[in-house]
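Here the structure comes first, spelled out in structure tokens, and everything after it is commentary.
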Amino acid sequence: MAAVFKHFENSKAVPELDRYRDRILSFDSISDCDYSVTRNIEQAVSPLRLQQLKRRYGDIVFPLDLPDNDNRYIGDFLDGDHLETYVSNTFGFTARNSGYFWYPYRGYSGWHTNSDKAGDRVYLVWAQEDNKSFFRYQDPHSGEIITQWEKAGWQINHFHVPERGLLWHCIGSYTNRISIGFRTLRPEDLVDDDEEDYPGLHGLHTCFVGDRWNVLPNRDSFIDLVDLSEFLVGKEPIVVAHEEIAWKARHDPRTALDARYQKCDYGYPGILAEGVANPYHLKYRMVDGKHRLAKMTLETNIRRSPYYILSRDEFLAAMSMGKPG
Ligand SMILES: [Fe+2]
């Protein structure tokens, strides 16, 4: 069983679900993310795109790990514990709310796997119209790509992120679509840890031509952050003024408001590269720490903080360790 979908006839089965929908649609506490009606949904959710991503990166854990791979509003965590209780009791796993999402017309979440957190995923999904929004996934056994079109009203999308192998999936919408997500509570959720803590480096720092963050002329490249740890050995963080840093949410720190923002701890230093091309022509280019800097900017008066600094040569060496762009 890779995935099960159920339409529920009567939203009254889950207390207050419609009230949540109305809150989300009225923008209550939803963050202003990077949604634009003109972005290319057809490309982001296409089978061809999946082939390209697999060939190039092997795995994409979060939609936001790539530019142009996420086009929706991402909300905070809900205050409704009873929804967690409902999902836990109904589906037989210990559920933790993973946020809520609003996909307006042409909203999408591009291909990804969530492979960092195996276990059950349940989404309570509301669509405004019949057959205008979908959950698409690749069956990990047959390789078949399956598109589950959704009904008007509430439904449940239930799937399982495997411990081994990848469940590639994506979402697209040509109507108003809301989802409230739940995943299996994991042992690490019980520890107050930080996903971005060094040396637990993960994810990609992308240098793509299309978004002006390229480093090589006319060529996409990236750094796999896990490759950076060897360059950090023996370095001490130094304090840098934030105004000297080019970073990918500098134009609007609110674009970094997502689940990782919630969890990050700005007590841990980020990583900068000195003397590497950036669209702001600043001394430092941020390699890791976007969520922490966004949190400092939005929630505190901290405008200087410690960073590990990579030289330009170290940055380029780490870049060449990734797969060829
Ligand atoms: Fe997902």
- Answer with one residue from Asn278, Val233, Tyr268: the one whose Cα lies farthest towards the positive end of the charge dipole of the chain, charges on Cβ with Lys, Arg +1 and Asp, Glu -1. Asn278
- When every alpha-carbon pair in the chain is counted, what percent end up more than 26 Å apart? 49
- Note on the structure: What helix-only [θ] at 222 nm does the chain give? Using -39500 (n - 2.57) per DSSP H run of at least 4, over all residues, to the nearest 500, the answer is -5500 deg cm²/dmol
- Task: Kindly flag which residue pairs out of Lys263/Lys283; Lys117/Lys235; Lys54/Lys117; Lys117/Lys290; Lys54/Lys295 have an alpha-carbon separation exceeding 25 Å in this structure.
- Result: Lys263/Lys283; Lys117/Lys235; Lys54/Lys295
- Note on the structure: Of all DSSP beta bridges having both residues in the chain, the percent classed as antiparallel (nearest 5) is 90
- Task: Would you mind checking which residues have amide H under 5 Å from Ala95's amide H? H placed 1.01 Å from N; only 5 or more apart, or other chain.
- Result: Ser88, Leu185
- Contour excess over end-to-end distance, with Cα ends at Lys263 and Thr38 and 0.36 nm allotted per residue: 77.9 nm
- Query: For the chain, with only Lys/Arg (+1) and Asp/Glu (-1) charged at the beta-carbon, what is the dipole magnitude about the Cα centre, in debye rounded to 20?
  - Reply: 840
- Message: Nearest 5 percent is fine: what portion of the DSSP beta bridges confined to region 188-321 is antiparallel?
- Response: 70
- Can you list the residues, at least 5 places off or on another chain, whose amide H is less than 5 Å from the amide H of His112, using H built in the peptide plane? His169
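Each reported figure results from applying straightforward, stated rules to the coordinates on display, with no laboratory input. This is a predicted model, so every value here is computed, not measured. Cβ atoms come from the backbone with ideal geometry, glycine included; neighbour counts cover every protein chain shown.
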